1. What value, in deg cm²/dmol to 500, does the helix sum -39500 (n - 2.57) over DSSP H runs of n ≥ 4 give at 222 nm once divided by the residues of chain A?
2. Mind listing which trypsin sites (Lys or Arg not before Pro) in region A:155-259 are in a DSSP loop and have 12 or fewer other Cβ atoms within 10 Å?
3. Using a Förster distance of 56 Å, how high is the FRET efficiency between B:Glu19 and A:Ala272, based on the Cβ-Cβ distance and rounded to 0.05?
4. Given R₀ = 35 Å, what would the calculated FRET efficiency be for B:Asp86 paired with A:Leu2, taking r from the Cβ atoms and rounding to 0.05?
5. For region A:280-314, run through the trypsin sites (Lys or Arg not before Pro) and keep only the ones in DSSP coil with at most 11 other Cβ atoms within 10 Å of their Cβ.
6. Please report the spacing between the Cα centers of region A:138-216 and region A:268-335 in Å, no decimals.
7. When N is the residue count of chain A, what does its C-alpha Rg come to as a fraction of 2.2 N^0.38 Å?
8. Shielding by partners for B:63-70, please: the mean number of other protein chain Cβ atoms within 10 Å of each residue's Cβ.
Amino acid sequence: MLKQTPLNSVHRAMGARMVDFGGWDMPVNYGSQIEEHHQVRRDAGMFDVCHMLVVDVTGTGIRDFLRHLLANNVDKLQIPGKALYSCMLNPAGGVIDDLIVYFMREDWFRIVVNAGTAEKDVAWMEGQRAATAPQLCIQPRRDLAMIAVQGPNAREKAWQAIPGSRAATEPLKPFQAAEFAQYFIGRTGYTGEDGFEVMLPVAEAEALWKTLHGCGVAPIGLGARDTLRLEAGMNLYGQDMGEDVNPLEAGLAWTIDQKSPRDFIGKAALQAKPAAMQMLGLVLLDKGVLRGHQKVVTPHGVGEITSGSFSPTLNQSIAFARLPLTVAVGDTVQVEIRDKLLNAKVVKLPFARNGQSLINN
Amino acid sequence: MSIPGDLKYTKSHEWAKLEADGTVTVGITHHAQELLGDMVYVENPAVGRQLAAGEECAVVESVKAASDVYAPLAGEVIAVNEAVVDSPEAINQDAYAAWMFKLKPANPADLAGLLDAAAYGALVESEAH
């Protein structure tokens, strides 16, 4: 039996094609996936992200606990509401999950984790808590729903849909959240566009979804969510990273604090195995579609695509690839697709931001 | 659901149409394009290639996924639709107008072994549950 979010019946009523996404019955598209993609890049769209899990950490000494638990440095979070993207590593340096942590108060941090890893994450956090910080409380919040509103007009439309929220959320910088009434509103997302992720009581999710729809925010499925995050250069857990992938080879070095003397879980293992590969972007020059697990042939050795698809913004196929360290941006490499070798250009990530392609062909 | 009565169908979601000149035109069904979503790439077999019935002979790719296309019956490829290679979205717009390739069947009687519209409709219905 698939798990359902509080918006399940609304998706069906809106004509969504539903799929099994890691055990959740989720909308993959409502109509054209490409149109949904453009809608977010050009105007505003909304995503049901209720399958992701909010975890509140409360008590005394959270900061010390998270300094050890997370690979990024929570000491970067000094202003209330500020958020940080981080990996949570196992002692071998593999990625248990990637997450966002919000600093609200010294006795309250909020973490949002992926759906597919949620149970594993909570069990790991709970084990660490019991061992190192038994005074803390780790509380999964399945009583909260989450809707992401993304696009150049997303904030404006969210303010219309949630009257009175503008004053509290207009001053927010990217990666910062504020509470307003029963809402927790963060200026975060997974698309490379401006917008909010709104957490709210489950009972109110359907009403907010319908109000946003009335304000001109289109529902967007997981299909477009994937092409949007790919263009934005954002990793997907289980595809671009995981427990068996060195995060330094997955484009995550910027999130792993290798400067401060602070010890964190996985640090020693990563220091003992420096990266032998690097994550870069590919743009396919020939006709076809790049996909995960395709082999990349270069003069410096072989690599592999981790995620690939068709980019509606670039109107050509793009991918993330794990490549030998000596491959450089601007190189032409070859991708093996059904026994043919097709040419692709190596590019810097991301491919697109704020509606614009960043690739010059 | 759109399943024209004058076409034949396969379990792998191709349609086949017997033309007046005895050739057979092949494409993928409306249901198939609906499952795959926005089409972005089509690869057709080479003209002149001899196909066995059920042989993998073409590829369609949507944003979401790649899908093989199988020969509905044995025969020689005598034409391919370049327009659908240039504009794969034509399959989404009208899957029965956006044909992929034409075959000269090895044995025209093979066509009778394919599904009719009612049988294909039942197949699609059963897959939905």
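Every number here is computed from the coordinates shown, using simple stated rules; none is lab data. Not measured: the values here are computed from a predicted model. Here the Cβ is made from the backbone with ideal geometry for all residues, glycine too, and neighbour counts use every protein chain on show.
1. My calculation for chain A gives -6000 deg cm²/dmol from helical runs alone.
2. Within region A:155-259, the qualifying trypsin sites (Lys or Arg not before Pro) (loop, at most 12 other Cβ atoms within 10 Å) are A:Lys259.
3. 0.25
4. Plugging the Cβ-Cβ distance into 1/(1 + (r/R0)^6) gives 0.35.
5. Here no loop site has a sparse enough neighbourhood.
6. Measuring centre to centre over Cα atoms gives 34 Å.
7. With N residues counted in chain A, Rg over 2.2 N^0.38 Å equals 0.99.
8. Mean shielding count: 4.
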